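Here's the structure, in structure tokens; my notes come after.
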């Protein structure tokens, strides 16, 4: 099809031509602008490609999207007349700018028209045909890695549909239920695409996978490493915020890294600050946005900056994966995909895993600790010896508070949230991964993509902030065809949350009966120290201040319910006063004039807490110096430092009146022999004291009483 002919024949001067083009683009309606943009893009693309003689590349870009090649007669095309009127010949930078701008306009137009849907091929519905990875046209080494390293043979529905489409070079938007193998659905074809690269073009990164959380990035990188175990000529690398930025840059420049899995913040940091980093991605073949909706909702500025620095969509393959997408995906798709992308949706109207029983309970806020205790006891009793429970809280500080409260009641609780160091988070995630049973208290950092095996129950403590978060949290259980349970514990003021889930098969749970049958121990109701109480109270205020409008609260109602929260954790003063809150914090929350708050210039417990921290630091430094002194000149190797968490557990058990059955350690066996960074100071101190004792014992320097003469 020929491009539309211009109505005007008058030859314009350079300045008038530029002005005319600018005015026409600004004043045209949206539909007219998009149509003109498409025509100009077709002409510019064909003209540019014909001058380059790059017919092969066009076949993978323009032709794949439905373009028809036009003879490069610039004088008879819109773009040719425009360039001639400007008094200069088309140059590569100019056409590149045209392509970049017009491609995005055309992507938006085609995305609005709707993508090509992909469904399960009829021949694969035949029950006699095995839907196995061995049936795919992939390398034998990849099949071997799938069998031996990842121990998978049968494909899930999303893998059956998505992998062939991706191998064909198509851009895809994939929406599939949680726990159905989306990670392998893009990793397997990525490996095959990279294997097809000529060896002389293997410089730089071939595939970039963006993940919204560090834990998901690490899990995806681990799967990629297993998949590449049989491919000695391919490598992968994980880049997250806790790593050393200089080590990452040198590793990418000195090693053959084909697949990079990263969080958007770290990649954006590299693009801005690391010299030559962008050059490593100049030949990028594949871009994957894993949990794409979360990436674009929570990290849009960073993702937009990354996309700006990467090759254009028509020069690479793009994929979007998630269990939840907005109804209109055109905006997301236009950012990262070529026009004519394929939509793969295996939800079949299913929002949450079909084998997950879903329950809810509504209770007064004053009973929240008792309700959580009772539900946990129920889940442990339903799966004796195999219970694996994830409890999701609203904020990191509230997660931290309840983890410490339940540890006082001699429950072995792991916690995962942003208030711990990356080493601590990794240790907790590994422990929960490897343990056959356990309880993990977490924020939404664990809600997306993480594939903890054999999770039996998910508990939502408080209403999730959105329906998507509920879906992703619930998806941590009932994975890969297994059954599970999801229990949502709602405070009495969160009852309206149920209105958003009328289509879900939620069953009412009688939490009062559970509390009667499993009353909490008295120690569970005792408050923690002032610091932890203050942090939890402040976090509660900040979270619900954000949701005040949705709850229909004014500031007075917010303060009232904050007082109920303080009463529930036993932290109200003798006169009924709230925990102290700094005035500057209240101003940031917009609550400086709210009545009922206990506002102070300085928190009374801050000075004492700082002094205790300094005292412990001095003691730890002294122990380290003693350890170094004992090591000097003795030729004695430093003994393995004992598992810090085990030491702490044994100390807690010794305090108990009755012996408790042995629990699985919260740190992975065979892991680091040093305590994780961010562990409690008492744990670090016990570990270092034990190391000193071990050195003294190995050198025969035990203290002995003087002998009598």
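The values are calculated or read from the model by the stated rules, or taken from the named source; none is laboratory data. The model shown is predicted, which means the values in this text are computed figures rather than measured ones. Glycine also receives a Cβ, built like all others from the backbone with ideal geometry; neighbour counts cover every protein chain displayed.
Take the conditions within 17 Å of residue 398 (Cα to Cα), surrounded by 24 or more Cβ atoms within 10 Å (Cβ to Cβ) and under 20 Å from the mean Cα position of the chain (by Cα) and apply them to residue 446. Does it pass? Criteria met by residue 446.
Where strands (runs of 3 or more DSSP E) fall entirely within segment 450-514, those with at least 1 residues that are farther than 20 Å from residue 416 by Cβ are at 484-491, 506-508. From the list 170, 176, 185, the one residue that fits, being over 23 Å from residue 455 (Cβ atoms) and either buried (at least 22 other Cβ atoms within 10 Å of the Cβ) or in contact (Cβ under 8 Å) with a residue 24 or more places away in the chain (or both), is 170.
Applying the condition of being more than 36 Å from the chain's Cα centre (by Cα) and under 19 Å from residue 571 (Cβ atoms) to segment 603-613 and asking which residue is surrounded by the fewest Cβ atoms within 10 Å (Cβ to Cβ) yields 604. Tallying residues that are under 19 Å from the mean Cα position of the chain (by Cα) and touching a residue at least 40 places away in the same chain (Cβ under 8 Å) within segment 215-232 yields 8. Annotation for segment 541-549: at least one member residue is outside the structural domain of residue 373 (by TED's automatic domain parsing), exposed (fewer than 13 other Cβ atoms within 10 Å of the Cβ) and outside any loop (DSSP other than H, G, I, E, B).
Does segment 388-396 contain at least one residue that is without any contact (Cβ under 8 Å) to a residue 40 or more places away in the chain, over 15 Å from the mean Cα position of the chain (by Cα) and closer than 22 Å to residue 369 by Cα? No - not one qualifying residue is present in segment 388-396.
Residue under question is residue 236, and the condition is that it be touching a strand residue (DSSP E or B) at 6+ places or on another chain (Cβ under 6 Å) and over 16 Å from residue 451 (Cβ atoms); does it hold? So residue 236 passes the test.
In segment 359-372, the residues that are closer than 22 Å to residue 477 by Cβ reach residues that are assigned to a loop (DSSP other than H, G, I, E, B) with C-beta atoms within less than 7 angstrom, at least six apart or across chains, in these pairs: 359/509; 360/509; 361/509.
Filtering segment 153-169 to residues that are part of a loop (DSSP other than H, G, I, E, B) and more than 17 Å from residue 340 (Cβ to Cβ) leaves 153, 155, 156. Do the conditions hold for residue 289, that is, is it under 22 Å from the mean Cα position of the chain (by Cα) and in a strand (DSSP E or B)? The answer is yes for residue 289.
In segment 365-416, which residues are assigned to a strand (DSSP E or B) and more than 26 Å from residue 530 (Cβ to Cβ)? Answer for segment 365-416, where residues must be assigned to a strand (DSSP E or B) and more than 26 Å from residue 530 (Cβ to Cβ): 388, 389, 390, 392.
Have a look at 488, 477 and point out the one that is over 23 Å from residue 512 (Cα atoms), crowded, with 23+ Cβ neighbours inside 10 Å, in contact (Cβ under 8 Å) with a residue 12 or more places away in the chain and touching a strand residue (DSSP E or B) at 6+ places or on another chain (Cβ under 6 Å). From the options 488, 477, the qualifying one is 477.
Is it the case that residue 508 is loosely packed, with under 15 Cβ neighbours inside 10 Å and not assigned by TED's automatic domain parsing to the domain that holds residue 599? When the stated conditions are applied, residue 508 passes them. Of the conditions (1) over 20 Å from residue 183 (Cβ atoms); (2) surrounded by fewer than 20 Cβ atoms within 10 Å (Cβ to Cβ); (3) under 22 Å from the mean Cα position of the chain (by Cα); (4) at pLDDT below 85, residue 354 fails just one. Which one is it? Among (1) over 20 Å from residue 183 (Cβ atoms); (2) surrounded by fewer than 20 Cβ atoms within 10 Å (Cβ to Cβ); (3) under 22 Å from the mean Cα position of the chain (by Cα); (4) at pLDDT below 85, residue 354 violates only (3).
Residue check: residue 156 meets all listed conditions (1) surrounded by fewer than 18 Cβ atoms within 10 Å (Cβ to Cβ); (2) modelled with pLDDT under 90 but one, namely (1).
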